[in-house]
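The values are calculated or read from the model by the stated rules, or taken from the named source; none is laboratory data. From a predicted model like this one, the values you see are computed outputs, not experimental measurements. Cβ atoms come from the backbone with ideal geometry, glycine included; neighbour counts cover every protein chain shown. For the accessible areas, the whole protein counts, side chains as well, though only heavy atoms, and no ligand, DNA or RNA atoms are used. Shrake-Rupley method; radii C 1.70, N 1.55, O 1.52, S 1.80 Å.
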Amino acid sequence: MTNKEMHLKDTHVKDWDRLRAQHLIARNALEQAGKLNFKRYSSAKWADFVVSDRGVMTAKVQHDDVKGVTPEMIQWFFEHLGCVTTWNGVDFSGPAVSIYHLWHHRDHVAVTPLTDVNGKRNLGFLEGGKSKIHELTNEVNDVIYYEMETVELNTHTFTFNVMKNGKATGHVKHVYAPADDGCTFYAETAVGTETGSEIFNKTIVPKLYSKEAGMQWIAHNIQETGRMQDILPVLYAHQDKVYYDADLIKFD
């Protein structure tokens, strides 16, 4: 197997040139808007990594408040995370760009809706629906390529289970609420289940996750959550400029 084939196998990215070109489009838009810099780790109110008695590993972070947004806007954002727009940082005359790339222009690859729910189209995440997340923390250090099942998505909570062979092997949870100048925002990612097999938690989970991986996720999550206040207000105000393009977001 060649190095190129190994890189593809490990990352699930078939066209690195196109992905990096799309990342640059997102970066350019953020730079034009004067919003290129990520929030720093120190911006979080607190962060923690815990292991339960049953062996579930959970990374947690209470973020700095997300300015200029409402819970309704956050719900809409997650529901349209698989969409694209033409925002170039100034207006909507730019090239098509993935909203997921605007959220994190280095690590994110794609959010792919997999199933609709009761006739409602899934455009990112949808309560009761399935989606696939593809991201690469620092491009290749940690590959996320899993099917997710959204169990709750509303104006206060967004939670999805990480699925493997039809079973939940962990979850990611977000909780948000109105604040004086925006919204509070809490996030956690857990590997293992409190109600599933303790053997799985104690023997398999340590091979899948670690404190180091959890802290890397917290750093990534601080960056993307902080980015929300830079892009969500303008996208929400121009919803007619947000649309779904299955070909543009496909890289696997």
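Worth pointing out:
- Cβ charges +1 (Lys, Arg) and -1 (Asp, Glu), total dipole of the chain, debye: 440 debye
- Normalised by 2.2 N^0.38 Å, with N the number of residues, the alpha-carbon radius of gyration of the range 14-83 equals 1.54.
- One way to sum up the overall shape of the range 8-167 is the equivalent ellipsoid from its Cα gyration tensor, whose semi-axes run 25, 20, 19 Å, largest first.
- Translational diffusion coefficient (Stokes-Einstein; Kirkwood radius from C-alpha pairs) of the range 114-252 at 20 °C, 1.002 mPa s, in µm²/s: 127 µm²/s
- Mean Kyte hydropathy of 0.5 or more with a Cα span along the axis of at least 20 Å, helices from DSSP in the chain: none
- Put a plus charge on the Cβ of each Lys and Arg, a minus charge on the Cβ of each Asp and Glu, and nothing anywhere else: the dipole of the range 33-129 about its Cα centre is then about 240 debye.
- Build a GNM of the chain with springs between Cα atoms under 10 Å apart, and of G182, G129, G196 the one that fluctuates most is G196.
- C-alpha center-to-center spacing [the range 147-204, the range 38-75] in angstrom: 12 Å
- Whole-number percent relative contact order across the range 120-252, with pairs defined as alpha carbons under 8 Å at least 6 apart: 12 percent
- Between I204, I25, I218, the GNM of the chain built on Cα springs shorter than 10 angstrom shows I204 fluctuating the most.
- Sequence of M163, M228 when ordered by accessible area, the most exposed leading, probe 1.4 angstrom: M163, M228
- Heavy-atom accessible surface of V61, to the nearest 10 Å², is about 0 Å², with a 1.4 Å probe and all protein chains retained.
- When H12, H156, H104 are compared by accessible surface with a 1.4 Å probe, the order from highest to lowest is H156, H12, H104.
- For D64, residues with placed amide H under 5 Å, excluding near neighbours: A44, K45
- Working note: Cα gyration tensor of the range 45-97, eigenvalues times five, square-rooted, sorted largest first, giving semi-axes of 34, 15, 11 Å.
- Computed 3J(HN,Hα) for the range 146-156, one whole-Hz value per residue from the Karplus formula 6.51 cos²θ - 1.76 cosθ + 1.60 where θ = phi - 60°, is 9, 7, 10, 10, 6, 9, 7, 8, 8, 8, 9, glycine and proline marked x.
- R121 accessible area, assembled protein chains, probe 1.4 Å, Å²: 140 Å²
- The eigenvalues of the Cα gyration tensor, multiplied by 5 and square-rooted, give the range 87-161 an equivalent ellipsoid with semi-axes of 23, 18, 11 Å from largest to smallest.
- Ranked order, S93, S98 - accessible area, probe 1.4 Å, largest first: S93, S98
- Database remark: amide H of T115 closer than 5 angstrom to the amide H of K130 (H placed geometrically; neighbours at sequence offset of 5 or more, or on other chains; Pro and chain starts carry no H).
- Paramagnetic label reach from K250 (point 7 Å along Cα→Cβ; backbone nitrogen cut-off under 19 Å): within the range 102-116, residues 109-116.
- Among the listed pairs K14/K164; K35/K207; K60/K241; K211/K241; K45/K164, those beyond 31 Å (Cα-Cα): K35/K207; K60/K241; K211/K241; K45/K164
- Fully extending the segment from F92 to L24, taken as 0.36 nm per residue of separation minus the present Cα-Cα distance, adds 22.8 nm.
- Label separation (H156 vs R54): 2.4 nm, computed from points 7 Å beyond Cα along the C-beta direction.
- Computed from point charges on the beta carbon alone (+1 for Lys and Arg, -1 for Asp and Glu), the dipole magnitude for the range 158-252 about its Cα centre is near 480 Debye.
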